[in-house]
1. Which of the residues belonging to region 39-68 are exposed (fewer than 12 other Cβ atoms within 10 Å of the Cβ) and within 20 Å of the chain's Cα centre (by Cα)?
2. For region 37-58, name all the residues that are out of contact with any helix residue (DSSP H, G or I) (no Cβ under 8 Å at 6 or more places or on another chain) and not acidic (Asp, Glu).
3. Quickly run through region 32-78 and pick out the residues that are of a type in the set (S, T, N, Q) and assigned to a helix (DSSP H, G or I).
Amino acid sequence: MESWQKRMSDTSSKENEATINWPNAYYDRGVKKGIEQGIEQGKSDATREFVRKLLKERMSSAKISDLTGLSEEEIRKLAKS
């Protein structure tokens, strides 16, 4: 029997399961973080699109800032892009 097989047979099933699932835990955390980042990016994109629409309607930067929480400087940058 190979050494790794011997070690696996000498450990409890809970330890074996933990050993097998350990890499998956890192993968799952990575996936979760990626999803969270995607959601945040989507919110940011939606806010920028909303700001552009408000600017088209000639709303003031101050009012847009109040509605969106973006600084007036950020709004001016979006107006230029």
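1. Selection gives Ile39, Glu40, Gln41, Gly42, Lys43, Ser44, Asp45, Ala46, Glu49.
2. Residues of region 37-58 that are out of contact with any helix residue (DSSP H, G or I) (no Cβ under 8 Å at 6 or more places or on another chain), as a first pass: 37-46, 49, 53, 56-58.
Of everything in region 37-58, those that are out of contact with any helix residue (DSSP H, G or I) (no Cβ under 8 Å at 6 or more places or on another chain) and not acidic (Asp, Glu) turn out to be Gln37, Gly38, Ile39, Gln41, Gly42, Lys43, Ser44, Ala46, Lys53, Lys56, Arg58.
3. So in region 32-78, the residues of a type in the set (S, T, N, Q) come out as 37, 41, 44, 47, 60-61, 65, 68, 71.
Hits for region 32-78 are Gln37, Gln41, Ser44, Thr47, Ser61, Ser65, Thr68.
All of the numbers you see were taken from the coordinates with simple rules; none came from a lab. All figures in this text were calculated on a predicted structure; none of them were measured in a lab. For neighbour counting, all protein chains shown are included, and Cβ atoms are generated from backbone atoms with ideal geometry for every residue, glycine included.
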